[in-house]
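Peer 1: This is the structure I want to talk about, given as structure tokens.
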Amino acid sequence: MILKHGRHLAYCTNVHPGEDWAQTFDSLNRHTLQVKECVQPKGQYAIGLRLSDLAARELSEPQTLAGFQRWLEKNGCYVFTINGFPFGQFHGTRVKERVYLPDWTDPLRLEYTTRLFDLLAQLAPPGLEGSVSTLPGSFKDFITTPQQEGVIRDNVWRCVEHIAKVSQQSGRRLHLGLEPEPFGLFENSEETIQFFNQLRDEHPHDPRLNEHLGVNYDACHFAIEFEEPRTAIAQLQRNDIRLSKIHLSNALKLQSGPVVLQSLASFADDVYLHQVIIRHADGSVTRFRDLDAALKSPLARSPPPGDEWRVHFHVPLHCEPSDGFNTTVDHVLGLLKILQSQPQLCSHLEMETYTWAVMPEKLRSRNVTDQIVAEYNWTLRQLRERGLV
């Protein structure tokens, strides 16, 4: 939906299973239109589209694309952003670190991402900025040589060149958002700035970098890193790195203790990667690649007093603290406060709670449509309180 200051809000459709275009389109018909009817029955409704590589290839067929464009017009919908992080299947199978594959060392990732921009240039309404979000280069464990990092930067730059060309041809302002994530090649503001500085050293004084490349700021990810939003945003701004998109998302947060850590096992699953960062009373941190490893560690068996655990598990924005569990919603609220004082900071907002199917039973007591509507209600209430709607 369209908010004040030319800002747009959507939920990311990666919450719905759909690996080919037929499945994706079915989800849009069955779920997205139902959500629209609840939160915005009239007016233009924004869609944060997730397309797998297969779905993007199929949608690129002229007849299929024309049919989708007619569907958007008929139903009062528009696409302004695409989630290009998961390349392949994202539901119902073991995803874990394979969500990073192919990474930006692989030409397939470049080909997939440029195809998304070709589609977005035809789907986004004229005069509207369009964004695609993608992974932070690779998974840290996959990168073992400086040469690999160089290939990543080269492929990202080729993508920037393509975006610039498509933007000029279409008359639309398009940009790619690299999404820092725990255990990604760059996962926090400091590492992100280093990556951008390396690109700038390799392509000095080229305005296309700032115009067409930025950061997809996922609140869940930065909160897990124990970064404060005002500090992280200020660092990115000082280094002239644009915010391509903001993901309004929550991580799981808890104070360690035998009972609550035992209950935490209900959040472990065989589908998604749930990175864990633990901050100890002295300020030091311990990091685990996945939740199951953290729960098997001595820090879980004999938790030291004062430990705070943050877990990469996207819990609902409207989730209330209970049974010793809390969320990093304060990070989301901190971002909204910054938006209140800097309305032009970022025009693309997207809610991204994709873990409904693997949540503990008490957190998924409603169907997915009801849960998404509750996300909208919470988000719109927070935005109204800050004069952003």
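The values are calculated or read from the model by the stated rules, or taken from the named source; none is laboratory data. The model shown is predicted, which means the values in this text are computed figures rather than measured ones. Counting neighbours? That spans all protein chains shown, and the Cβs are built from the backbone with ideal geometry, glycine included. Quick note on the areas: whole protein, heavy atoms, side chains included, nothing else; ligands and nucleic acids left out. Shrake-Rupley method; radii C 1.70, N 1.55, O 1.52, S 1.80 Å.
Peer 1: Where nothing but the Cβ of Lys and Arg (+1) and of Asp and Glu (-1) is charged, how large is the charge dipole of region 239-368 around its Cα centre, in debye to the nearest 20?
Peer 2: On the way: 13 positive and 14 negative charges, 19 e Å.
For region 239-368, the charge dipole is close to 100 debye.
Peer 1: Ok, one more. Counting only C-alpha contacts under 8 Å and six or more residues apart, can you give the relative contact order of region 70-180 as a whole percent?
Peer 2: So the answer I get is 34 percent.
Peer 1: Out of all DSSP beta bridges with both ends in the chain, state the antiparallel percent to the nearest 5.
Peer 2: Values: 19 of 49 bridges.
Among the beta bridges of the chain, antiparallel pairing accounts for roughly 40 percent.
Peer 1: If contacts are Cα pairs under 8 angstrom and at least 6 residues apart, what is the relative contact order of region 190-261 in percent? Don't skip to the end; give the middle numbers.
Peer 2: Working: 51 pairs, mean separation 27.6, N = 72.
Relative contact order of region 190-261: 38 percent.
Peer 1: Let me ask you something else. Give me the percent of accessible area attributable to carbon and sulfur for the chain, probe 1.4 angstrom. Kindly include the intermediate steps, with their values, before the conclusion.
Peer 2: Working: 7640 of 15440 Å².
On the chain, the fraction of accessible area on carbon and sulfur atoms equals 49 percent.
Peer 1: Where is the GNM fluctuation largest for the chain (alpha-carbon springs, 10 angstrom cutoff): His348, His221, His31?
Peer 2: For the chain, modelled as a Gaussian network with Cα springs under 10 Å, the answer is His31.
Peer 1: Shifting gears a bit: From the protein chains alone at 1.4 Å, what is the descending order of accessible area for Lys337, Lys296, largest first?
Peer 2: Working: Lys337 125, Lys296 145 Å².
Ranking Lys337, Lys296 by accessible area, largest first, yields Lys296, Lys337.
Peer 1: Further question: Give me the 1.4 Å probe accessible area per residue for region 48-167, excluding ligands and nucleic acids, in Å². Could you put the intermediate results ahead of the total?
Peer 2: Numbers: 4540 Å² over 120 residues.
Value returned for region 48-167: 38 Å² of accessible area per residue.
Peer 1: Oh, and also: Determine ³J(HN,Hα), in whole Hz, for all residues of region 302-309 in sequence, where each value follows from phi through the Karplus function 6.51 cos²θ - 1.76 cosθ + 1.60 and θ = phi - 60°; x replaces Gly and Pro.
Peer 2: So the Karplus estimates, Gly and Pro as x, are 10, x, x, x, x, 6, 10, 9 Hz.
Peer 1: If you don't mind, there's one more thing I want to ask. Enumerate the calculated ³J(HN,Hα) couplings along region 318-327 in order (Karplus 6.51 cos²θ - 1.76 cosθ + 1.60, θ = phi - 60°), each rounded to whole Hz, writing x wherever the residue is Gly or Pro.
Peer 2: So the J values, rounded to whole Hz, are 8, 5, 8, x, 6, 6, x, 9, 9, 10.
Peer 1: Any idea of the accessible area per residue across region 223-296, 1.4 Å probe, to the nearest Å²?
Peer 2: Working: 3070 Å² over 74 residues.
With the other protein chains kept in place, region 223-296 gives 41 Å² per residue.
Peer 1: How high is the relative contact order of the chain, given as a whole-number percent (alpha carbon pairs under 8 Å, six or more residues apart)?
Peer 2: On the way: 716 pairs, mean separation 68.7, N = 389.
Reported as a whole number, the value is 18 percent.
Peer 1: ³J(HN,Hα) across region 3-16 via Karplus (A = 6.51, B = -1.76, C = 1.60, θ = phi - 60°), whole Hz, x for Gly/Pro?
Peer 2: 10, 5, 6, x, 8, 10, 10, 8, 9, 7, 6, 5, 5, 9
Peer 1: Moving on. List the residues, sorted by chain then number, that are 5 or more residues from Asp218 or on another chain and whose placed amide H is less than 5 Å from its amide H.
Peer 2: Under 5 Å from the amide H of Asp218 lie the amide H atoms of His247, each far enough along the sequence or on another chain.
Peer 1: Would you please classify the overall shape of region 143-256 from the alpha carbon gyration tensor, given that a ≥ b ≥ c denote the square roots of the eigenvalues, rounded means a/c under 1.5, and beyond that prolate means a/b larger than b/c while oblate covers the rest?
Peer 2: On the way: a/c = 2.04, a/b = 1.51, b/c = 1.36.
Taking the square roots of the gyration eigenvalues as a ≥ b ≥ c, region 143-256 is prolate.
Peer 1: Continuing with the same structure: Specify whether the C-alpha gyration tensor of region 245-377 places it in the rounded, prolate or oblate class, a ≥ b ≥ c being the square roots of the eigenvalues: rounded for a/c under 1.5, otherwise prolate if a/b is larger than b/c and oblate if not. The partial results should precede the final answer.
Peer 2: Details: a/c = 2.14, a/b = 1.40, b/c = 1.53.
Oblate shape, in that a/c is at least 1.5 and b/c is the bigger or equal ratio.
Peer 1: Next up: What is the set of long-range amide H partners of Leu213 at a cut-off below 5 Å, with H atoms built 1.01 Å from backbone N?
Peer 2: Leu176
Peer 1: Another question, then. Would you grab the residues whose amide H sits under 5 Å from the one on Cys77? Only those 5+ places off in sequence or on another chain, please, with H modelled 1.01 Å from N.
Peer 2: Distant-sequence amide H within range of Cys77: Tyr45.
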